[in-house]
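Trainee: One structure follows; several queries about it will come next.
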Amino acid sequence: MVAHAADTGEPVHIFNALSGLACNCICPGCERRMVAHRGSRRQHFQHEARVEGRSCTSSGETALHKFAKTVLGRELVLMLSALDETDGTHTVHVVREGRFEFEKAILECRQGEVVPDVICRIGDRDLHVEFKVTHPCGPEKIAKLKKMDVGAIEIDLSGCRDRPLDELADAILFEAPRIWLHNPKTAKARITLAGMERERQESIGNEAQHLLAAYKAEAIDLSEIGVWEDGAVNHGLADAVVDGGADNRGFLVRDAEWKAFVLLQMAIGSKKGFTRKEALAAIKAEGWVSRDFGFVREELADRMRELEDSTLRVPWEALGDYMKAMERERYLVPAAFGKRVTCGSRLLEAIAAAKDLKERPSRRTEDLQGLVQAVLAFVREEFREGFVFENWFEWPVGPTDIRPADAIHLDDADWERFIQPIEKLRTALWARPPSISDACGLPVEEEVAERQAAHRRTEEKRAAEAQHRAEEEANAREAEVGKVVRAAMGTDAITWMSTPLEGLAGLSPAEAARRSKDGVWKVIAALDRWRDERAADARRLEQREQSLSKLRNAARESFGRPDFADLWIRQPCKGLAGKRPEDICVDDRSLEKCLEFLPGKKARRA
């Protein structure tokens, strides 16, 4: 952006140069002719062309460097930035920002092991000035400057390349960013800081001793339970506010009191949640924090712990510890915005459980009274006359032998065991007839006895009626079967109806019919079998008569005399195993066999 005029050697900015070679400029680094490019989009200098293979490596940095050194050497004035030394607590001003004028400026002169861009001198004091265009001063050079213990600054010109020439001087001398590389006064400032820190630590120690002594002197009575702690216990939060053994200092009430206040007032009472700062302010407003402990710095608290070799916590720390613990236990949860916390699910559950526990005796009393009324609803008024629930409530009842007045305070499991016999009694009274093992002190026994007796009478009546109906039905079935049998057997029906039959499992038809409808069908089936047997017998008898007739005719023909034929038929025959032909001849087959033993060929042929 800057070149030198070929005739005067003065710096020429690209904005002030003529285009092309008419600019009459040379490179300040290699002294070759420059061409000025004055385009609408970009303006810059460029070497004319390579000459004998030479190339320039200095680019525009050398020109800006030389111009900066020339300006400083001519003006002998420079804006120096402030230099402070701090340890994080204290600050010492080494150099205050301002314009400094110098008596002399030496350019590119070796001093010791370094060659600064410019050495500015006032009397016997030197200030090394380095200009940064593309690369900052390296760590090796900075180390040498510190070893020489000479003041040095670095001015950053990297943002000045495109600035007009008439603005560059002010930028170099006053406006461009600049930093201190080293200042000899820094060591003295550090010694001063160390002294200030020693004094501060001594003051902290004295203040810590004073706080500890003042708190002990207050002799605070922490034995009394406050209203907030009592409220926390009643709300089921005793475990959440119990003293965890922490050595908290600075509170004027018991730890459980301010912890209960945080949960019941800050967490539940605040819709938008709260911060630790707001909680401590509220606790202080209650007058529960010693005035000296209203705000204790962390370093002061640390010194108090060192003096006592303890883990004591001041109110701000103790409150923070407690709020974090409550977040871990879900009594507190982060609010929707900021660093606020609000009421957590476990806190609501604990309060709800405590409310339930507080209301449980009265609720159980109502439930028990309703249960007793449900039992007595089954009992007639004359049997429960004179019963008073309040009196029964004070007497031991049931297998546990516990008074209802005491049972309403039992835990859930024991309460269920207590009311179980009463619920069982109510269920038993629904039954017909009711049967109970324990009246639980209630006037139900006479009712149970009366209902059992009434049930017995009803059952006896029902049994008699059922027996009568069964007898009538049996008579009807017997009469119906008898009618069918008489139609089939005639006068033999009476004998057959009373005779046990194997097909009826040894029962007589009359007995089987009386037993059931199925027995009727079985009797009908037996009757059908009897009919089949009678028909078969008739067929056999008819066939026997026919066979005997044929044998008799054959015998008469064989003997020629009927009396001899009849005699042969009735006499035992040796060929027939000593049996009589009239006994053997029952069908065609036996007829053939008998014919074989008739005397004479004619008979055998027949």
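The values are calculated or read from the model by the stated rules, or taken from the named source; none is laboratory data. Quantities reported herein were computed from a predicted structural model and do not represent experimental measurements. Cβ sites come from the backbone with ideal geometry, for glycine too, and all protein chains shown count toward neighbours. Surface areas here come from the heavy atoms of the whole protein model, side chains and all, with no ligands, DNA or RNA. Shrake-Rupley method; radii C 1.70, N 1.55, O 1.52, S 1.80 Å.
Trainee: Determine whether segment 540-547 contains at least one residue that is over 30 Å from Arg469 (Cα atoms), open to solvent by less than 60 Å² (accessible area, probe 1.4 Å) and at pLDDT 90 or above.
Mentor: Yes, segment 540-547 contains at least one residue that is over 30 Å from Arg469 (Cα atoms), open to solvent by less than 60 Å² (accessible area, probe 1.4 Å) and at pLDDT 90 or above.
Trainee: Just checking, which of Glu154, Glu207 is touching a Cys at 6+ places or on another chain (Cβ under 6 Å) and either under 20 Å from Leu76 (Cβ atoms) or assigned to a helix (DSSP H, G or I) (or both)?
Mentor: None of the others qualify; the one that does is Glu154.
Trainee: Same structure again: Give the residues of segment 225-241 that are in a loop (DSSP other than H, G, I, E, B), small (Gly, Ala, Ser) and open to solvent by less than 40 Å² (accessible area, probe 1.4 Å), sorted by residue number.
Mentor: The one that is in a loop (DSSP other than H, G, I, E, B), small (Gly, Ala, Ser) and open to solvent by less than 40 Å² (accessible area, probe 1.4 Å): Gly226.
Each row is one residue, and each column tells you yes or no for (1) assigned to a strand (DSSP E or B); (2) in contact (Cβ under 8 Å) with a residue 40 or more places away in the chain.
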| site | (1), (2) |
| --- | --- |
| Ala68 | no, yes |
| Leu78 | yes, yes |
| Glu85 | yes, yes |
| Gly88 | no, no |
| Ala105 | yes, no |
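Residue-by-condition table, conditions (1) under 30 Å from Ala350 (Cβ atoms); (2) buried (at least 18 other Cβ atoms within 10 Å of the Cβ):
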site	(1), (2)
His182	no, yes
Arg190	no, no
Ala194	no, no
Ala213	no, no
Ser223	yes, no
Asn248	yes, yes
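Trainee: While we're on this one: Just to be sure before I move on: is Lys550 more than 30 Å from Arg477 (Cβ to Cβ) and in contact (Cβ under 8 Å) with a residue 40 or more places away in the chain in the structure I sent?
Mentor: Taking the combined requirement at face value, the residue satisfies it.
Trainee: Which ones in segment 267-293 are small (Gly, Ala, Ser), over 17 Å from Gly226 (Cβ atoms) and touching a residue at least 12 places away in the same chain (Cβ under 8 Å)?
Mentor: Those that are small (Gly, Ala, Ser), over 17 Å from Gly226 (Cβ atoms) and touching a residue at least 12 places away in the same chain (Cβ under 8 Å): Ala267, Ser270, Gly273.
Trainee: What are the residues in segment 513-531 that are over 16 Å from Ala488 (Cβ atoms) and of a type outside the set (Lys, Arg), if any?
Mentor: Ser516, Asp518, Gly519
Trainee: What number of residues within segment 1-26 are open to solvent by 50 Å² or more (accessible area, probe 1.4 Å) and of a type outside the set (A, V, I, L, M, F, W, C)?
Mentor: 6
Trainee: Within segment 237-278, can you find the residues that are among the basic types (Lys, Arg) and in contact with an Asp or Glu (Cβ under 9 Å, 6 or more places away or on another chain)?
Mentor: Selection gives Arg254, Lys259.
Trainee: Go through segment 438-473 residue by residue and tally those that are among the hydrophobic types (A, V, I, L, M, F, W, C) and in contact with a Ser or Thr (Cβ under 9 Å, 6 or more places away or on another chain).
Mentor: Qualifying residue count for the region: 1.
Trainee: Go through (1) touching a strand residue (DSSP E or B) at 6+ places or on another chain (Cβ under 9 Å); (2) of a type outside the set (Lys, Arg); (3) at pLDDT below 90 and name the single condition Glu308 misses.
Mentor: That leaves (1) as the condition not met.
Trainee: Just the residues that are surrounded by 12 or more Cβ atoms within 10 Å (Cβ to Cβ) and among the charged types (D, E, K, R), please, taken from segment 27-44.
Mentor: Arg32, Arg33, Arg38
Trainee: Now for a different question. Report yes if Trp415 is within 30 Å of Phe389 (Cα to Cα) and modelled with pLDDT of 90 or more, otherwise no.
Mentor: yes
Trainee: Among (1) closer than 30 Å to Ala240 by Cα; (2) over 30 Å from the mean Cα position of the chain (by Cα); (3) among the acidic types (Asp, Glu), where does Asp367 come up short?
Mentor: All conditions are met except number (1).
Trainee: If we keep just the residues of segment 347-385 that are open to solvent by 70 Å² or more (accessible area, probe 1.4 Å) and in contact with a Pro (Cβ under 9 Å, 6 or more places away or on another chain), which is farthest from Ala428 (Cα to Cα)?
Mentor: This residue is Glu385.
Trainee: Quick one: what pairs do we get from segment 34-49, first residue of a type in the set (D, E, K, R), second surrounded by 11 or more Cβ atoms within 10 Å (Cβ to Cβ) and not in a loop (DSSP other than H, G, I, E, B), C-beta under 6 Å, 6+ apart or different chains?
Mentor: Here the result reads Glu48/Arg33; Glu48/Val35, each pair linking segment 34-49 to a residue that is surrounded by 11 or more Cβ atoms within 10 Å (Cβ to Cβ) and not in a loop (DSSP other than H, G, I, E, B).
Trainee: Just a yes or no: is a residue in segment 258-271 modelled with pLDDT of 85 or more, part of a loop (DSSP other than H, G, I, E, B), buried (at least 20 other Cβ atoms within 10 Å of the Cβ) and not polar (S, T, N, Q)?
Mentor: No, segment 258-271 has no match at all.
Trainee: When Arg403 is evaluated against the numbered criteria (1) surrounded by fewer than 17 Cβ atoms within 10 Å (Cβ to Cβ); (2) touching a residue at least 40 places away in the same chain (Cβ under 8 Å); (3) over 38 Å from the mean Cα position of the chain (by Cα), which criterion, by number, is the only one it fails?
Mentor: All conditions pass for Arg403, except number (2).
Trainee: Does segment 109-146 hold any residues that are part of a loop (DSSP other than H, G, I, E, B), out of contact with any Asp or Glu (no Cβ under 7 Å at 6 or more places or on another chain) and in contact (Cβ under 8 Å) with a residue 24 or more places away in the chain, and which are they?
Mentor: Of everything in segment 109-146, those that are part of a loop (DSSP other than H, G, I, E, B), out of contact with any Asp or Glu (no Cβ under 7 Å at 6 or more places or on another chain) and in contact (Cβ under 8 Å) with a residue 24 or more places away in the chain turn out to be Gly112, Glu113.
Trainee: Here is a further query. Taking the stated definitions as given, is Gly138 more than 30 Å from Asp292 (Cβ to Cβ) and open to solvent by less than 40 Å² (accessible area, probe 1.4 Å)?
Mentor: Considered against the rule, which asks whether it is more than 30 Å from Asp292 (Cβ to Cβ) and open to solvent by less than 40 Å² (accessible area, probe 1.4 Å), Gly138 comes out as yes.
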